[in-house]
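Peer 1: Pasting a structure here, questions to come.
The values are calculated or read from the model by the stated rules, or taken from the named source; none is laboratory data. From a predicted model like this one, the values you see are computed outputs, not experimental measurements. Cβ coordinates were reconstructed from backbone atoms using ideal geometry, including for glycine residues, and neighbour counts include every protein chain displayed. The area values use the complete protein model at the heavy-atom level, side chains included, leaving out ligands, DNA and RNA. Shrake-Rupley method; radii C 1.70, N 1.55, O 1.52, S 1.80 Å.
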Amino acid sequence: MMNADIQTFLNSDLLERYLIGQTSPEETRTVENHIENHPEVANAYQTLQNKLELVSFANAEDAPSHILDSILEELDTNPVVALHSKRKKSWFNFSIAASIAALIFAGSSVFLLTKNLELQDENQVIVEELFDIRSDLQKNNDRLEALALEFKQLNNPETEKYILKGNRRAKNLKTVAYINPKEKTSMIDVVTLPTLPPEQCYQIWGDIQGKMVSLGILSETDRRLQKLNYSEGTKGLSITIEPKGGSLKATNETPVAEIEFNTHQND
């Protein structure tokens, strides 16, 4: 497995800058030390040299012939070979620099594109989190408004409070009903409900003109103020034990809890 320091070195641009003579003296010593002491770096350096040389030769162009002819006419004894050698070296160095610049530009482009995509993903996450926070705030505001309304109703001087306690069949049963005949609202607070077999449930009824009308099923898991349907002429409330899911009509058995309202409620 390749040493982590060597991998870090190869991932940097020191080799490329060393090839075109753009390293500082300290960086030059570092590169040459790595080339000399680490075969992986030496191989990478040789491979980079070969690739850049191929690219430079592939991209090299000869100077126009009329320019070369003009230069040769001005020369007396300088050999033609020297001219070609110098030109070739100049174009070779230029090609190497251009190739390395292209590689660096390509690498920078890929890096910037990757960073841009990462930023887009992060922005999307932030937007989704903001929507979640806004949704949570709205839910909390709705809940606070509902609690404020309940508090207002409970503290209304016209609201009457009735406590329904269980008989010997449900000794620990306790619920509190809040009735406001003026505002025509009614609520019930489930305090405690004795445990029933899975096939049974508690159901609350309103005594309306001598007829028992279902007002809903009570559950200890929903221990909060629950709205009840308000009906004028309701004389009282009762709670019975019914089959799971509730009944359309109250059973003939005696309710486990019941209470009559004050007579002035129906005046």
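Peer 1: In the stretch 160-173, is there at least one residue being at pLDDT 80 or above, of a type in the set (S, T, N, Q) and closer than 27 Å to Gln203 by Cβ?
Peer 2: Within the stretch 160-173, the first condition is being at pLDDT 80 or above, and the residues that meet it are 160-173.
If we keep only those that are of a type in the set (S, T, N, Q) too, we end up with 167, 172.
Keeping just the survivors that are closer than 27 Å to Gln203 by Cβ gives 167, 172.
Yes.
Peer 1: Right, next: Failed condition for Ser219, given (1) out of contact with any strand residue (DSSP E or B) (no Cβ under 7 Å at 6 or more places or on another chain); (2) closer than 22 Å to Leu248 by Cα; (3) at pLDDT below 85; (4) open to solvent by 70 Å² or more (accessible area, probe 1.4 Å), with all others met?
Peer 2: (4)
Peer 1: Right, another one. Only one of Lys235, Lys244, Lys211, Lys249 is open to solvent by 60 Å² or more (accessible area, probe 1.4 Å) and without any contact (Cβ under 8 Å) to a residue 12 or more places away in the chain. Can you tell me which?
Peer 2: Lys211
Peer 1: Are any residues in the stretch 111-141 farther than 24 Å from Asp13 by Cβ and more than 13 Å from the chain's Cα centre (by Cα), and if so, which ones?
Peer 2: Within the stretch 111-141, Gln120, Arg134, Ser135, Asp136, Leu137, Gln138, Lys139, Asn140, Asn141 qualify.
Peer 1: If you don't mind, there's one more thing I want to ask. Among what's in the stretch 171-191 and is without any contact (Cβ under 8 Å) to a residue 40 or more places away in the chain and open to solvent by 50 Å² or more (accessible area, probe 1.4 Å), pick the residue that is nearest to Leu248 (Cα to Cα).
Peer 2: Here the answer is Lys174.
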